[in-house]
Amino acid sequence: MPSLQVCERCGHELDELSSASVCPECGGLLELTHRFVAGADALRSAFSARRQSLRGPDSSGVWRYRELVLPSIAPAQVVCHPEGNTPLLERSPVSAWASIERLLMKHEGHNPTGSFKDRGMTVAMTQARRLNASAVACASTGNTSASLAAYAAHAGLPALVFVPAGQVAMGKLTQTLAYGARTLVVRGNFDDCLTLARDASAALNIQLLNSINPFRLEGQKSIVFEMLEQLDWSPPDWIVLPAGNLGNTSAFGKAIREALEVGLISHAPKIAAIQAAGAAPFAQSFHEHFEKTIRVNPETIATAIRIGAPASWDRAVRAIRETNGVVASVTDDEILEAKAVIDSAGVGCEPASAASVAGARKLRAEGVIGPHDTVVSVLTGHLLKDPGVLVKYHQEMEPAPKYANRPIEIDASVGEVERVLRPSS
Ligand code: F0G
């Protein structure tokens, strides 16, 4: 049964196959509403049966949940890598650092292009091809552009990306180029890029695949569904995630709402959205009870979330309110320390992702997260996305930071190796 696209602001309804990027009546963002037919038990067994599949959409950690993502889609229409199927990890050095006994990490860096964006992109690209789009575009701090470039190549669609000049991590920019997207480096920040991408897409009839596109959020909901399934449908107390443009926070809120509605879970986990202190308009607004929308000039080492005017503001507010959640911010130093702890535990993630563990630690220290709470921190991107930050941290920063692991240059002799291994007295 087809779903509807409903304007979040005025309630105007559009067909599932409308290509409008925002509400044609009032400019509000659109949200998909599905009609759920199957009950929780039937859904659980369908999800679990599809796990046996070795190829095609059933083997995707997004499309396995298709009744909750895009029920009307025929598997043959799906543009799928596959993606998802990311691990839920537990590592004692990370739990000890955060002082949280049961701290799990949902590692979205294990996706095909190394970030959670692939989960939204498979759905948005499937929809773009279904609508016979002539080209696709996005503004990005780097991960969305890498993902869009890869999925556009797969779908056979021309791709156009807008990225802020000098503010995209090397792994992400080079991926985007390698996958073949036309890459426009804009003199401005992410917020300028998004405004330009929105205007250019409307003027030139290009399908915009930023997270204001409701199909992106449908795919990103699967992070929550997959995590719940990995926990045998027993929700954690907290889901902690880094927040920039607020698409993912909104997607998590919708996933929890729908999981409750169909009876997959009986109570909601709380969402904790974590921003970088230099790019924290949502955290500031939370402390003022979301009385007003705040805009800032963003600055942080975590370039993925260097965003001052988040687009999915209202729906993210709803996600925090409905789950009785919180929004917090962490400094760049806290992000770097969390990242070093995650990296040296052999897990690894990019700087923005580490904000989720730094945030969990802070909320635990403040008593917001309880000592026996189960916490899932979402690691949104892969370690190798941002080699520049790693080089600085381990090889260049003076004085050496706490976890810096300096390389040691030696002559090619066993004596030299022995000297290095000798305990220093
Ligand atoms: N973590 C990473 C690694 C990201 O790349 C992003 C967003 C976020 C967290 C925040 O998610 O925007 O939904 O609140 N990256 C976007 C991009 C902006 O263009 O790749 P959000």
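A few notes on this one:
- Which listed residue is charged (D, E, K, R), open to solvent by 100 Å² or more (accessible area, probe 1.4 Å) and closer than 23 Å to Gly166 by Cβ, from Glu396, Glu409: Glu396
- Summed over region 311-330, the residues that are in contact with a strand residue (DSSP E or B) (Cβ under 9 Å, 6 or more places away or on another chain) and surrounded by 19 or more Cβ atoms within 10 Å (Cβ to Cβ) give a count of 11.
- Hey, Asn297 of a type in the set (S, T, N, Q) and under 14 Å from the mean Cα position of the chain (by Cα) or not: no
- Filter pass, Ala124 being within 24 Å of Ile301 (Cα to Cα) and small (Gly, Ala, Ser): no
- The lone exception for Thr144 - which of (1) within 13 Å of the ligand (Cβ to nearest atom); (2) without any contact (Cβ under 8 Å) to a residue 40 or more places away in the chain it fails: (2)
- Residue list for region 34-43, restricted to those being in contact with a helix residue (DSSP H, G or I) (Cβ under 8 Å, 6 or more places away or on another chain) and either exposed (fewer than 11 other Cβ atoms within 10 Å of the Cβ) or in a helix (DSSP H, G or I) (or both): Leu43
- Filtering region 309-334 to residues that are within 12 Å of the ligand (Cβ to nearest atom) and part of a loop (DSSP other than H, G, I, E, B) leaves Ala309, Pro310, Ala311, Ser312.
- Residue within region 335-350 that is within 14 Å of Val94 (Cα to Cα), open to solvent by 30 Å² or more (accessible area, probe 1.4 Å) and outside any helix (DSSP H, G or I) present: yes
- Within region 252-261, considering residues that are under 13 Å from Ile320 (Cβ atoms) and buried (at least 18 other Cβ atoms within 10 Å of the Cβ), the one farthest from the ligand (Cβ to nearest atom): Ile256
- Of all residues making up region 175-184, the number that are more than 22 Å from the chain's Cα centre (by Cα) and within 18 Å of Ala165 (Cβ to Cβ): 2
- With respect to the conditions (1) without any contact (Cβ under 8 Å) to a residue 12 or more places away in the chain; (2) outside any helix (DSSP H, G or I), Glu83 lacks only one, and its number is (1).
- Condition met for Leu246 (under 19 Å from Thr86 (Cβ atoms) and within 11 Å of the ligand (Cβ to nearest atom)): no
- Region 111-129 - residue that is within 13 Å of Cys80 (Cβ to Cβ) and basic (Lys, Arg) and, of those, farthest from the ligand (Cβ to nearest atom): Arg129
- Enumeration of residues in region 3-18 that are surrounded by 16 or more Cβ atoms within 10 Å (Cβ to Cβ) and either basic (Lys, Arg) or within 18 Å of Ala128 (Cβ to Cβ) (or both): Ser3, Gln5, Leu14, Glu16
- Among the candidates Leu379, Leu384, Leu421, the residue that is open to solvent by 90 Å² or more (accessible area, probe 1.4 Å) and either aromatic (Phe, Trp, Tyr) or within 19 Å of the chain's Cα centre (by Cα) (or both) is uniquely Leu384.
- Contact annotation: residue pairs with Cβ atoms under 9 Å, 6 or more positions apart or on different chains, pairing a residue in region 14-32 that is at negative phi and in a strand (DSSP E or B) with a partner that is charged (D, E, K, R) and open to solvent by less than 50 Å² (accessible area, probe 1.4 Å), are Glu31/Lys254; Glu31/Arg315; Leu32/Glu16; Leu32/Glu218; Leu32/Lys254.
- Taking residues in region 262-281 that are farther than 30 Å from Asp41 by Cα and open to solvent by 20 Å² or more (accessible area, probe 1.4 Å), and partners anywhere that are at pLDDT 95 or above and part of a strand (DSSP E or B), the pairs with Cβ atoms closer than 6 Å and at least 6 places apart or on different chains are Ala277/Ser329.
- Scanning region 392-425 for residues that are outside any loop (DSSP other than H, G, I, E, B) and either closer than 26 Å to Ala98 by Cβ or aromatic (Phe, Trp, Tyr) (or both) yields Lys392, Tyr393, His394.
The values are calculated or read from the model by the stated rules, or taken from the named source; none is laboratory data. None of these values were measured; they are calculated from a predicted model. Positions of Cβ are generated from backbone atoms using ideal geometry, with glycine treated the same way; all protein chains shown enter the neighbour counts. Keep in mind that these areas ignore ligands, DNA and RNA; they rest on the heavy atoms of the full protein, side chains included. Shrake-Rupley method; radii C 1.70, N 1.55, O 1.52, S 1.80 Å.
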